[in-house]
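J.: Can you keep this structure in mind? I'll have questions shortly.
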Amino acid sequence: MEIIIVENYEEMSEKGADLIAEVVKSNPCATLGLATGSTPIGVYQRLVRRNQSGEISFEKIRTVNLDEYEGLDGENPQSYRYFMNTQLFDHVNVDKRNTNVPSGVAEDMDKECERYTALLKEAPQDIQLLGLGSDGHIGFNEPGSPFEGHTHVVELEESTIRDNARLFDKIEDVPTKAITMGIADVMQAKKILLLANGKNKAEAVKAMIRGEVTESCPASILQRHKDVTVIIDKEAAALL
Ligand code: GLP
């Protein structure tokens, strides 16, 4: 694990964007595993700028997102599909048909999980971007998720619902279930880039890096991946 501690969110975003841009430049047909949440917004802003300035092209890039809320379709402003469109896809030269987010409204969610797992197998991520839940979750793999798991539907923890409530009008509006890549789907990525900032993430960062590898802290599995870069700001690194 390479651990890079930076001053602030801006620096974290700049370095994160550098790493993704490198992958895109070295392989214009790369598959990018992408994440939602507040953490990667700065990275996406920078990727948009670099695309618009002609530094990088998404023309042949394929993307696979980590997760989606159950019950929200892509038109819903709280959905992760909507987030990805408005934060990144609408502003770069990606072909939207090459962008993939698991569906939270499939008629048969088991089939959707199988479809998404197969899609990931067929084009493994050249790089997977991850944020970090304050309880150590990655994607929506909550504590206790099996390390060998593939795409599945999960019940969200109270703490995750509380953390994400800030983006909804009221906490009752936060879906209680989601569909997420499994840990095994994340671990198949050639390269993993995890970003975390703020003191709310300090405990989880410590457990991820210094703690034992245990399903109680899903992110701790990253200790076993051979190419992981963790970029964290000073506040998130405070307990290391
Ligand atoms: C959600 C997402 C995760 C994300 C986490 C942290 O639970 N499913 O992929 O990493 O939130 O979000 P934030 O970046 O807003 O702190």
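The values are calculated or read from the model by the stated rules, or taken from the named source; none is laboratory data. Keep in mind it's a predicted model, so treat the numbers as computed, not measured. FYI the Cβ positions are ideal-geometry reconstructions off the backbone, even for glycines, and counts take in every protein chain you see. SASA here: full protein model, heavy atoms, side chains in, ligands and nucleic acids out. Shrake-Rupley method; radii C 1.70, N 1.55, O 1.52, S 1.80 Å.
J.: Tell me which residues come under 5 Å, amide H to amide H, from V6 once H is placed; ignore anything under 5 positions away on its chain.
T.: For V6, the qualifying residues are I232, D233, K234.
J.: Would segment 132-240 count as rounded, prolate or oblate if I go by the C-alpha gyration tensor, calling it rounded below 1.5 in a/c and otherwise prolate when a/b exceeds b/c, oblate otherwise? Walk me through the intermediate numbers first.
T.: Values: a/c = 1.92, a/b = 1.18, b/c = 1.63.
Note, shape of segment 132-240 comes out oblate.
J.: Here is a further query. Which percent of the accessible heavy-atom area of the chain goes to carbon and sulfur, probe 1.4 angstrom?
T.: Details: 4910 of 10630 Å².
Reported share for carbon and sulfur atoms: 46 percent.
J.: List the extent of the Cα atoms of segment 2-199 along each of their three principal axes, largest first, rounded to whole Å.
T.: 42, 38, 32
J.: Ok, one more. Counting heavy atoms of the protein chains only and a 1.4 Å probe, report the per residue accessible area for segment 2-199 as a whole number of Å².
T.: Details: 8630 Å² over 198 residues.
Counting only protein heavy atoms, the per-residue value for segment 2-199 is 44 Å².
J.: Taking Cα pairs under 8 Å and at least six residues apart, what relative contact order does the chain come out at, in percent? It would help to have the intermediate numbers written out before the result.
T.: Working: 506 pairs, mean separation 60.3, N = 240.
Worked out over the chain, it gives 25 percent.
J.: Just need the Rg to Rh number for segment 10-92, please, alpha carbons only, Kirkwood Rh. Walk me through the numbers before you get to the answer.
T.: Details: Rg = 12.7 Å, Rh = 13.2 Å.
That ratio is 0.96, to two decimals.
J.: Projected onto the charge dipole of segment 2-199 (+1 at Lys/Arg Cβ, -1 at Asp/Glu Cβ, origin at the Cα centre), which of L120, S57, L34 gives the Cα projection farthest towards the positive end?
T.: Final value for the positive-end residue is S57.
J.: Right, next: Please list H152, H91, H225 in order of solvent-accessible area, largest first, computed with a 1.4 Å probe with all protein chains present. Spell out each step's value before the answer.
T.: Numbers: H152 50, H91 80, H225 20 Å².
Putting H152, H91, H225 in descending order of accessible area: H91, H152, H225.
J.: Now for a different question. For segment 48-62, just list the computed ³J(HN,Hα) in residue order, Karplus coefficients 6.51, -1.76 and 1.60, θ = phi - 60°, integers in Hz, with x standing in for Gly and Pro.
T.: 3J(HN,Hα) across segment 48-62, in whole Hz: 4, 4, 5, 5, 5, 7, x, 5, 9, 10, 9, 3, 10, 6, 10.
J.: Let me ask you something else. Give a quick list of GluC sites (Glu not before Pro) in segment 55-152 that DSSP marks as loop, anything other than H, G, I, E or B, with at most 11 other Cβ atoms within 10 Å. Please list the in-between numbers first.
T.: Numbers: sites: E55, E59, E68, E70, E75, E107, E112, E114, E122, E148; in loops: E55, E59, E70, E75, E107, E148.
When the GluC sites (Glu not before Pro) of segment 55-152 are filtered for loop state and at most 11 Cβ neighbours within 10 Å, E75, E107, E148 remain.
J.: Right, something else. How much of the DSSP bridge set in segment 2-199 is antiparallel, in percent, rounded to the nearest 5? Could the numbers behind the result be given before it?
T.: Working: 8 of 19 bridges.
Beta bridges within segment 2-199, antiparallel portion: roughly 40 percent.
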